[in-house]
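The values are calculated or read from the model by the stated rules, or taken from the named source; none is laboratory data. What you are looking at is a predicted structure, and each value in this text was computed from that prediction instead of being measured. Counting neighbours? That spans all protein chains shown, and the Cβs are built from the backbone with ideal geometry, glycine included. Just the protein is used for accessible areas: all its heavy atoms, side chains included, with ligands, DNA and RNA removed. Shrake-Rupley method; radii C 1.70, N 1.55, O 1.52, S 1.80 Å.
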Amino acid sequence: MKAFDVVVIGAGPAGYVAAIRCAQLGLRTACVERWRDPGGKPVLGGTCLNVGCIPSKALLDSSHHYHNLRHLLPAHGISVKDASIDVAAMQARKDKVVRTLTRGIAGLFRKNRIQWFQGEGRLCPDRQVEVAAPGDGESETLSARHIIVATGSAPIEIPVARTDGERIVDNEGALAFTEVPRRLGIIGAGVIGLELGSVWSRLGAEVTLLEALDDFLVAADREIADAALASFSAQGLDIRLGARVTGSRVGADGVEVTCTEGGEDRTFHFDRLVVAVGRRAVSDGLRPEAVGLRLDSAGRIEVDALCRTSVDGIYAIGDAVAGPMLAHKASEEGVAVAEHIAGQAAHIDHSLVPFVVYTHPEVAWVGKTQGELEAQGTAFRVGTFPYMALGRARGAGDTEGMVKLLGDAASDRLLGVHIFGAQASELIAEAVTAMAFHASTEDLARIIHAHPTLSESLHEAALAVDGRAIHM
Ligand code: FAD
Ligand code: NAD
């Protein structure tokens, strides 16, 4: 039996980062991963690199260029006759980006001397992991002083719209369309629905999002969510709130979807339907019961603040445990667990996880929303600043959006930052840094921001908390 200090099960952003950090800390490390690419080759990277963050952003960028070419660049005096989209080339580029990055992780594993076992990892008593090779391949058993479970998540399926991989698909299918659907339906106006809906809408699809809830982007600040809803609707996304899907039927030429909306029955006809109603933690194949790992009612592995499970020596991280299902949260948990195992002080501040929706304009936030502060009875002050008053945004022709800062009324400490606008995904990093260092809104107001940049919106919003924004 091969013996390791640490065996990691799963090589998504939680598992591969944990494995690399363990190896950096001198721990003899193995990682078990069962994922195969569409050609059947074993690959690292999990959901994020193969069918999540990376391919979706590659397609978002491609479709954004195409959209700009047709809608933004003429105002800059740039026009291209007969602009067209080659979906096969766009998909080939996306696949290459994915391949480069997943191979990069294999390279990092080699460099850090991490042993990659290609198969399914199953928990066994006495801190052992059985690696089941696919098909009739022989299984082998590894022993470990510590086990890190990083088995991730999978799309939630709903009985009213079962995926068939053809007409009704999940994120994986929606990232791999070989042509632009004329009419695209999406169940769920959450992050995946909005991002992938944007991709195909920019390329010419008529996109309808059927969202069960009456509110849009429930986790976001209301003011920001309202601005985003108005903007996305104006872009042509038909976002129908309070739409409860009751059934679907696949026919020769598409999918018929029935739903109730505002008390009325409705029927929609789509060429393709994407189901994007959230994700569930994965533990199938893992056999958590064999070692007595406790799962919560949502099937997530129960852990404490340091990602320790109910079983001594076994940790769990990433989408497999509670918390936002985000790659950066998963990776930070991986780093913290590795450092804890190596005897270092480990710390994860879950209150400072940034959220980003990569639409255009982007939505990004960190910390509390105004609604949360009101609900908890915290007195606060608000500062807002619109993109249209930024020289840089004007120059770029990207003037839609705003920044909103929330500061504690008594201490002035920054409690939340909410952005709807171009480059919000990059701008939010300043807010996270400021909040990590317990900055006040006055601190941000007194820091010099380069001109002309979009980051001036944060500076001006901080000044606005105190009623002294310069350009408004
Ligand atoms: P995963 O990435 O799911 O990896 C788990 C790995 O474990 C998989 O490779 C799986 O094969 C393996 N595994 C499971 N069970 C076993 C077993 N028994 N034996 C061996 N291997 C096993 N997050 C962001 O932060 N930013 C984004 O822009 C973003 N975009 C996304 C877009 C889409 C379309 C989707 C679907 C998700 C997106 N996410 C994004 C979420 C992000 O992908 C996840 O939060 C992240 O991948 C979680 O990492 P993980 O390592 O916990 O799980
Ligand atoms: P989500 O939770 O973001 O959105 C799902 C939406 O579907 C919600 O608005 C929910 O109310 C709605 N819904 C649920 N059941 C429904 C039903 N039966 N009918 C109609 N609507 C229904 O989930 P997602 O978009 O599937 O994405 C899954 C997770 O992946 C996200 O929570 C996020 O953690 C991660 N992700 C992150 C990013 C990013 O960081 N940019 C991008 C994509 C995915």
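Looking only at GluC sites (Glu not before Pro) in DSSP loops with at most 16 other Cβ atoms within 10 Å, what is the longest site-free stretch of the chain? Kindly include the intermediate steps, with their values, before the conclusion.
On the way: sites that count: GLU138, GLU157, GLU166, GLU179, GLU302.
Longest site-free region, per DSSP loop and neighbour criteria: 303-472.
Report the Cα centroid-to-centroid distance between region 332-406 and region 76-109 in angstrom, as an integer.
Value for the Cα centre distance between the two parts: 28 Å.
DSSP loop (so not H, G, I, E, B), at most 12 other Cβ within 10 Å: list which trypsin sites (Lys or Arg not before Pro) in region 363-468 pass both filters.
ARG468
Before anything else, pin down the relative contact order of region 361-465: Cα pairs under 8 Å, at least 6 apart, normalised by residue count, whole percent.
RCO, region 361-465: 35 percent.
Stretch ASP214-GLU261 to full length: gain in nm at 0.36 nm per residue minus the Cα-Cα span? Working shown, then result.
Details: separation 47, 0.36 × 47 = 16.92 nm, distance 1.00 nm.
Using 0.36 nm per residue and subtracting the Cα-Cα distance, I get 15.9 nm.
Could you work out what % of the accessible surface of the chain is carbon and sulfur, using a 1.4 angstrom probe and leaving DNA, RNA and ligands out of the count?
50
Just going by the charge dipole of the chain, with Lys and Arg at +1 and Asp and Glu at -1 on Cβ, which of ALA464, ILE78, LEU414 is farthest out on the positive end?
ILE78
What does DSSP give for the chain in terms of the percent of beta bridges that are antiparallel, rounded to the nearest 5?
If we restrict to bridges inside the chain, about 65 percent are antiparallel.
Could you grab the relative contact order for the chain? Cα pairs under 8 Å, six or more apart, rounded to a whole percent.
14
Could you give the size of the charge dipole of region 233-295 about its Cα centre, using +1 on the Cβ of each K and R and -1 on the Cβ of each D and E, expressed in debye and rounded to the nearest 20?
In debye, rounded to 20, region 233-295 gives about 400.
Let me confirm the definition first: pairs of Lys residues in the chain, 8 or more apart or on different chains, C-alpha distance under 26 Å. How many are there?
Value for the chain: 19.
For region 242-294, which trypsin sites (Lys or Arg not before Pro) are in a loop by DSSP, counting at most 15 other Cβ atoms within 10 Å? Mind showing how you got there, number by number?
Numbers: sites: ARG244, ARG249, ARG266, ARG272, ARG279, ARG280, ARG294; in loops: ARG294.
When the trypsin sites (Lys or Arg not before Pro) of region 242-294 are filtered for loop state and at most 15 Cβ neighbours within 10 Å, ARG294 remain.
Which value, in debye to the nearest 20, describes the size of the charge dipole of the chain about its Cα centre when Lys and Arg Cβ atoms bear +1, Asp and Glu Cβ atoms bear -1, and nothing else is charged? Intermediate results must be reported in sequence, preceding the final value.
Details: 46 positive and 59 negative charges, 264 e Å.
Approximately 1260 debye in magnitude.
Counting only DSSP beta bridges with both residues in region 180-327, what percent are antiparallel, rounded to the nearest 5?
So the antiparallel bridges amount to about 60 percent of the total.
Among the helices of the chain (complete DSSP H runs), which have Cα atoms covering no less than 27 Å along the helix axis and a Kyte-Doolittle mean of at least -1.0?
Membrane-span-like by this rule: 87-111.
Region 162-203: which trypsin sites (Lys or Arg not before Pro) are DSSP loop and have at most 15 other beta-carbon atoms within 10 angstrom?
ARG162, ARG182
Report, in deg cm²/dmol and to the nearest 500, the calculated mean residue ellipticity at 222 nm for the chain, where each DSSP H run with n ≥ 4 adds -39500 (n - 2.57) and the sum is divided by the residue count.
Value at 222 nm, helices only, nearest 500: -9500 deg cm²/dmol.
Go through GLY188, THR141, VAL356 and say which Cα lies farthest out towards the positive end of the charge dipole of the chain; charges sit on Cβ, +1 for Lys and Arg, -1 for Asp and Glu.
THR141
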